[in-house]
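Worksheet: the structure to be examined is printed underneath.
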Amino acid sequence: MEKVLTKDVQADHSALDIKRYELAGGYQGVRKALKMAPNDVVEVVKQSGLRGRGGAGFPTGLKWSFVPRGANAPHPKYLCCNADEMEPGTFKDRLLMEETPHQLIEGMICAAYAIEADVAYIFLRGEYFLSAERLRKALAEAYEHNYLGKNILGSGYNLEMHLHLSGGRYMCGEETGLLNALEGKRANPRTKPPFPQISGLFGKPTIVQNVETLCNVHHIIKNGPDWFKGLSKSEDGGTKLYGASGKVKRPGVWELPMGTTIREILEEHAGGMKEGLKFRGLLPGGASTDFLVEEHLDLKMDFTEVQKAGSRMGTGTMIVMDDRTCPVGFVKNLEHFFAQESCGWCTPCWSGLSWAENMLQSIEGGQGQESDLDRLAFICRMAAPGNTFCALAPGAVEPLQSALNYFREDFERHIHEKRCPWR
């Protein structure tokens, strides 16, 4: 993203109001987009190499191109911003919404115009009270200055944008679960096809995008696809909000070139491990990704390279594990979260994750058996992609399956010693 979070206007961590945002170059992307044909906006985003920042990494412009267009296209069309940031270890989108809410709104206007959407929703995590307060104020300012509403800036384009607070379940972050929740239904996933681009919210064409993804769009329109690609150190274009949590010296979030190595993020920006602790492993993109270990520290943090190593970049927010943290207890806590957040729609998820949590609890408490490790591996296979309605269960077993691979001796030690060695 273009640097709009400058020290002179953001030193107090207050949100940029519309005047300060415009002084920093805000809404120039909207003005330029509205002078282009919608298809041209889609093409520019395609050329930029922007990939979804919510975890899946799907090419954004390609996703938009699936939406029906022309005089016979169904209306209304919808754009939904997925701001239901409930992935454990992830806190990047909250910072964007709290400090530059107009950046998100501008990106959404450009994206909505590109797909010829009539209505846009910001689907916000219910616990993000400060984000909600600042987004409401920013939306009111955007309407007042005719960036939203009827005949935006005299272009003839109309767009209504609404803030919707989530009921507070992890399942609401899955795009079709989000759409069901937005319709007032239980947040169960939908079968695909049809995909939301064809039949989404209220059965109409819909695009669902992550906050960080949308915050890049207007900068691409304003500065061009080559500029965006030039910001990156890899084939994936642009910059990325990388984060680190755990027992590092400086946990936080940093905007860095896409493809920055894990070692640089961990050692230079997060300051390395706290005194007396050693690095053992990390989850590269939130709780629903596979562990990476010492041998992976020089990997570029981009979608392609992390996948080659057997994990996913996900949200790009690393959860770091040190040598004094029990891997079994670490994974048990994650499986507890995923088990309680299952919507209950499919058996591998509602049954399998609870089963895994119970076995991990037994192992951690000293009652585990050797056969439990084979059962845990079986659950990981049964919850793999293609066996469930959505990605919750496949993501939930990623830290478990990789922990069984990299830290198997720790599981075995629990079983043989009949206790947790870290207690």
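Would you please name the residue that is surrounded by the fewest Cβ atoms within 10 Å (Cβ to Cβ), looking only at residues in region 366-396 that are touching a residue at least 60 places away in the same chain (Cβ under 8 Å) and under 20 Å from Pro327 (Cβ atoms)? In this case the residue turns out to be Gly395. Do we have any residue at all in region 64-74 that's in a helix (DSSP H, G or I) and free of Cβ contacts under 8 Å to residues at least 60 places away in the same chain? The answer is yes, given that some residue of region 64-74 is in a helix (DSSP H, G or I) and free of Cβ contacts under 8 Å to residues at least 60 places away in the same chain. Here is the figure for region 284-337: residues that are aliphatic (A, V, I, L, M), within 16 Å of the chain's Cα centre (by Cα) and part of a loop (DSSP other than H, G, I, E, B) total 3. Looking across region 361-390, just one residue is within 30 Å of Glu175 (Cα to Cα) and touching an Asp or Glu at 6+ places or on another chain (Cβ under 8 Å), and that is Cys390.
Exactly one residue among Ala37, Ala71 is modelled with pLDDT under 95 and surrounded by fewer than 19 Cβ atoms within 10 Å (Cβ to Cβ), and that residue is Ala71. Within region 155-167, can one find any residue that is surrounded by 15 or more Cβ atoms within 10 Å (Cβ to Cβ), touching a residue at least 60 places away in the same chain (Cβ under 8 Å) and not in a loop (DSSP other than H, G, I, E, B)? No, region 155-167 contains no residue that is surrounded by 15 or more Cβ atoms within 10 Å (Cβ to Cβ), touching a residue at least 60 places away in the same chain (Cβ under 8 Å) and not in a loop (DSSP other than H, G, I, E, B).
Have a look at Phe303, Phe279, Phe291 and point out the one that is in contact with a strand residue (DSSP E or B) (Cβ under 8 Å, 6 or more places away or on another chain), farther than 30 Å from Ala73 by Cβ, crowded, with 21+ Cβ neighbours inside 10 Å and modelled with pLDDT of 95 or more. Lay out the reasoning, then the answer.
Values: Phe303 fails: modelled with pLDDT of 95 or more; Phe279 fails: crowded, with 21+ Cβ neighbours inside 10 Å.
Within the list Phe303, Phe279, Phe291, the selection yields Phe291.
Just one of the listed residues (Leu16, Leu95, Leu23) is touching a strand residue (DSSP E or B) at 6+ places or on another chain (Cβ under 7 Å) and among the hydrophobic types (A, V, I, L, M, F, W, C), namely Leu95.
Here is the figure for region 174-200: residues that are in contact with a helix residue (DSSP H, G or I) (Cβ under 9 Å, 6 or more places away or on another chain), touching a residue at least 24 places away in the same chain (Cβ under 8 Å) and assigned to a helix (DSSP H, G or I) total 5. Of the residues making up region 82-140, those that are farther than 22 Å from Cys172 by Cα, part of a helix (DSSP H, G or I) and of a type in the set (D, E, K, R) are Glu99, Glu106, Lys137. When we screen Leu130, Leu124 for residues that are over 21 Å from Leu182 (Cβ atoms) and in contact (Cβ under 8 Å) with a residue 12 or more places away in the chain, the only hit is Leu130.
The single residue among Glu294, Glu255, Glu235, Glu275 that is under 30 Å from Ala356 (Cβ atoms), of a type in the set (D, E, K, R) and out of contact with any Cys (no Cβ under 9 Å at 6 or more places or on another chain) turns out to be Glu294.
The values are calculated or read from the model by the stated rules, or taken from the named source; none is laboratory data. This one's a predicted model, so the numbers in the text were calculated from it and none came from an experiment. No Cβ is skipped: glycine too gets one built from the backbone with ideal geometry, and neighbour counts run over all protein chains shown.
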